[in-house]
Every structure is written in C-alpha cells, then in structure tokens.
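The values are calculated or read from the model by the stated rules, or taken from the named source; none is laboratory data. What you are looking at is a predicted structure, and each value in this text was computed from that prediction instead of being measured. Ideal geometry is used to build each Cβ from the backbone, glycine not excepted, and the neighbour counts take in all protein chains shown. Just so you know, the surface numbers come from the protein's heavy atoms only, side chains and all, with ligands and any DNA or RNA stripped out. Shrake-Rupley method; radii C 1.70, N 1.55, O 1.52, S 1.80 Å.
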Amino acid sequence: MTDDVAARATAGFRSAYGAQPAGRWAAPGRANLIGEHTDYNDGFVLPFALSLRTVAAAATQPGGTWTVWSELTGETVSFGAAEVAAPGRVTGWAAYVAGVVWALREAGHAVPGARLAIASDVPLGSGLSSSAALESAVLAALVDLGGLDLPAERRPRLAQRAENAYVGAPTGIMDQSAAIRCRAGHALFLDCRDESVEHIPFDLDAAGLAMLVVDSRAPHRHADGEYAARRKSCEHAAEQLGVPALRDVSVADLDGALARLDDDETRRRVRHVVTEDQRVLDTVALLRAGRIREIGPLLTASHASMRDDFEITVPEIDTAVEAALAAGALGARMTGGGFGGCVLALVDDAAAAEAVAAAVTAAYAERGFTAPGHVTVLPGPGATRLD
Ligand code: GLA
C-alpha cells in the first residue's frame, strides 16, 4: 500500500516538474483508541497510527517559492512569501501546506523554497486525520530539506498551529502528535498538557485480536461548528469551576463539580470529558498489564458517553456500534471528532471482523443508509523519511 502511494508521489513529482525528487516523506492517518475531545481540555488520549499514509515527494527550489502538486485534484498550486506572510491567503487543500510553511517561518526557521508532490491513501472526510497526515509529511520534508533544527517532539505543536491559525480549524494536539510520534505495534499515550508520551504496547496479533474500522459514510454535517461549540462549552465550564482546564476535575470530584454548574447541557459535557479521561487511564492500565481483550467495555462506555453526554454521534454511527456489539464485537466506539467518521470495533480475529462488518452492512441496509466501508488495521509507525 505504502509502496504504491510512494510510487504515485514520485510519478506525480516527475510529471509535474520533469525531475526526480530529492526524497520522500510519509506520515500516517490515525485512529484514536480512546480519549475523545479530551485533548483541548489538557487531558489524555490514546491514538495509534494507521498503515494508510500520505507521502510527500519533494526537492528544494530556489527563490523562496513553494509549488505543490496533489493527486487529489491533479492541480499544481504555487505560492511565495506574500501568501505565507499572513494566515488565510492560500485556501483549499494547499492551505495545509502553506500553513506549515507559515508556522515554520513564524517560529523563526529559514524555510527552503520547495517543490512537492502529494499522494495519499488516507481517505478524506472519514475522521482519520488526513489533514494532520498532510501537514506532518510536508513538515518532515521541509525540516529535512532545510536542515532545520526541529526535533520530533516539537513538531506536533507547529503542525497544529498551521491548522489552527492558518487554516482556521480549532483542533487540539492529538492528530498531529499521532501522525508524528506514534510507533508501530504501540498506541501513543499522550498527556496533552505537557505533551509527554508513553508508547504502550498494543499488539493485536499477539493477543489474537483484530481491530475493524468501519467508515460510517455519514455526511459530515455541521461538524466544524459543533466542534467549536463543544470546545467553547468546555472552556466555559472550566472557567465556572475555577480550574485551568477540565483535566483538573477528577472522577472523585465530579459530583461536586456538576453541582456547581448551572445548566444540564454543560453538566453533560463535563461528565463526558472527566469520565473519558479516566477511561483512557483505565485502558492504559489494562494494556500495560497485557489485558487487551478487557478494554472492550471501556470502548463501549466511551461511545455511550459521546452519544448521550457529549452528543456528537449520528444515527449511522450509533447503528454501526450497536450492530457490531450485537454481532459479537468485544467493544466498539466512534473514533475522532464526531458527526460522522469511523467506528472502531475490537473483535476476536479476521473471521470475526468479517462477520461484524457484514452485520453492520445489513443493519445499514435495513435503515436505508449508504453502505459503509470497512478495513482491519494494525498500529503502524509515525512520520518518517522513506528515502
Ligand atoms: C478532531 C481534532 C482532535 C480531537 C478530536 C476529538 O480529530 O482534530 O484534536 O479534538 O477531534 O477527540
């Protein structure tokens, strides 16, 4: 898969620029095992990288300009110093690339002019963070081409800044951290307050288990506005409670905290975030003890919390989770920001994955939903230079 996508990036580079790239850099999409909408509350997340990747084939170009070809549209976009002097001047998919150049320059780096060709296996709009994969691949390419001093642990913040301030999406630090810092065979336990990480063994094969990803194919309606609204409501609640972030409310403090809030909706939002942080910690404890099978109920509880308290699921997603559980999944939950995207189902093996996928497809057909997609995944590596 990666070989194909890397070959497509090289072929695209050759036909767009009539030359060979100096190198190729890859960054993966991600699934979040557990810990949803906790990142911007300074809390805990546990994503893993997918083997689906975005590849940037690249070489420097003189003159302080950047040219990017993408297989997505077949179009080539060029921009120079004026476009990266302030956010928002490049729009569409190329904004993620211009945003990275902008954020690097803002941080004081002398970014080399470059030609890039982008190919990707990460599906767009499926909640698997194709945008973080693109930012992270481009960032890795520019850092290496320019010999810039930016160690991997400082890259997620910079890529996030590209997305927040240049593109204008108020996302947290999880997706870029996953794309850059994940390790094969592991999930990334990230403390979003200080960005410390621990690589937690997550060897599904050895445990005789499989992870099914179901693409709900639900249209992403109002996802951006709803995301921003959830974030606001969490910040407002933290202010009311007099804590820096909701991460500072523990499960033991939860009832007292809820009693101090003045409306039910805010109470539900807070209950999701506080209990979700605890579910991440509980999941990590089970994985550390090698008890992967037992995380199923935590995944399912996380889903119920997103559905009932954070209110970010949609009928297609809830149908997929219910059908997966009814067909024998050990646990299932939506992964990512919500209002569509993908569902993760932890299952016994490849045969169980097929049975669960068939059950979800049948439940969809009964309700007249567009047929879902599905694939089984293993935790892959983070961003890397290929050659
Ligand atoms: C999106 C954002 C992340 C995170 C998740 C929800 O993927 O990009 O920062 O907030 O939603 O967990």
Next item on the list: Counting only C-alpha contacts under 8 Å and six or more residues apart, can you give the relative contact order of the stretch 272-387 as a whole percent?
Entry: 19
Notebook entry, point to check: Okay, helix-only estimate at 222 nm for the chain: each DSSP H run of n ≥ 4 adds -39500 (n - 2.57), divide by all residues, round to 500 deg cm²/dmol; what do you get?
Noted result: -13000 deg cm²/dmol
Margin query: Only four residue types carry charge here, +1 at the Cβ of Lys and Arg and -1 at the Cβ of Asp and Glu. Report the dipole size of the chain about the Cα centre in Debye, rounded to the nearest 20.
Written below: 920
Check: When only Cα pairs under 8 Å and 6 or more residues apart are kept, what is the percent relative contact order across the stretch 124-236?
Finding: 20
Next item on the list: Sort HIS186, HIS272 from largest to smallest accessible area, using a 1.4 Å probe on the heavy atoms of the protein chains.
Entry: HIS186, HIS272
Next item on the list: Could you please state, rounded to a whole Å, how far the C-alpha centre of the stretch 346-375 is from the C-alpha centre of the stretch 221-293?
Entry: 30
Next item on the list: Heads up, I need the accessible area for TRP102: 1.4 angstrom probe, whole protein in place, Å², nearest 10.
Entry: 10
Next item on the list: Per residue of the stretch 76-83, in order, report the coupling 6.51 cos²θ - 1.76 cosθ + 1.60 (Karplus, θ = phi - 60°) as ³J(HN,Hα) in whole Hz, putting x for Gly and Pro.
Entry: 10, 10, 10, 8, x, 4, 5, 6
Margin query: Considering only C-alpha atoms, what is the centroid distance from the stretch 90-122 to the stretch 61-83, in Å?
Written below: 9
Check: From the backbone phi of the stretch 350-364, what are the Karplus-calculated ³J(HN,Hα) couplings (6.51 cos²θ - 1.76 cosθ + 1.60, θ = phi - 60°) in whole Hz, Gly and Pro given as x?
Finding: 4, 5, 5, 4, 5, 5, 5, 4, 5, 5, 5, 4, 5, 5, 4
Checklist line | Lys, Arg +1 and Asp, Glu -1 on Cβ, resulting dipole of the stretch 18-81 about Cα centre, debye, nearest 20 | finding: 280
Next item on the list: With N denoting the number of residues in the chain, provide Rg(C-alpha) divided by 2.2 N^0.38 Å, to two decimal places.
Entry: 0.98
Next item on the list: Let me know the shape class of the stretch 131-202, please: from the alpha-carbon gyration tensor, a ≥ b ≥ c as square roots of the eigenvalues, rounded when a/c is under 1.5, otherwise prolate if a/b is greater than b/c, or oblate.
Entry: oblate
Note to self: Suppose all protein chains stay in the model; what accessible area per residue would a 1.4 Å probe give for the chain, in Å²?
What the structure shows: 38
Item checked: DSSP bridge pairs, the chain: antiparallel proportion in percent, nearest 5 -> 90
Check: What net charge is computed for the residues neighbouring THR370, neighbours being all others with C-beta under 9 Å from the C-beta of THR370, Lys and Arg scored +1, Asp and Glu -1?
Finding: 0
Note to self: Let me check I've understood the local charge: for GLY185, count other residues with C-beta under 10 angstrom from its C-beta, Lys and Arg +1, Asp and Glu -1. What total comes out?
What the structure shows: -1
Next item on the list: Pick out, from ALA357, GLY340, GLY92, the residue whose Cα sits farthest towards the positive end of the charge dipole of the chain, with +1 on the Cβ of Lys and Arg and -1 on the Cβ of Asp and Glu.
Entry: GLY92
Note to self: I'd like the carbon and sulfur percentage of the solvent accessible area for the stretch 309-387, probe radius 1.4 Å, heavy atoms only, ligands and nucleic acids excluded.
What the structure shows: 56
Next item on the list: Please label the shape of the stretch 156-255 as rounded, prolate or oblate, based on the square roots a ≥ b ≥ c of the eigenvalues of the alpha-carbon gyration tensor (a/c under 1.5 means rounded; beyond that, a/b larger than b/c means prolate, else oblate).
Entry: prolate
Notebook entry, point to check: In what order, largest first, do ARG260, ARG267, ARG291 sit by accessible area if the probe radius is 1.4 Å?
Noted result: ARG260, ARG291, ARG267
Checklist line | Cα shape, the stretch 326-387, gyration tensor, a/c 1.5 rule | finding: prolate
Checklist line | Stretch gain in nm, segment LEU281-ASP255, where the contour uses 0.36 nm per residue and the Cα spacing is subtracted | finding: 7.4 nm
Note to self: Please give me the summed charge of the neighbours of ALA207: other residues whose Cβ is under 12 Å from its Cβ, Lys and Arg +1, Asp and Glu -1.
What the structure shows: -3
Item checked: Karplus (6.51, -1.76, 1.60) ³J(HN,Hα), θ = phi - 60°, over the stretch 141-158, in Hz, Gly and Pro reported as x -> 5, 5, 4, 6, 4, x, x, 7, 8, 8, x, 3, 6, 9, 6, x, 4, 5
Note to self: Under 5 Å between amide hydrogens, which residues at least 5 positions from ARG217 or on another chain qualify, with H placed 1.01 Å from N in the peptide plane?
What the structure shows: GLY341, GLY373
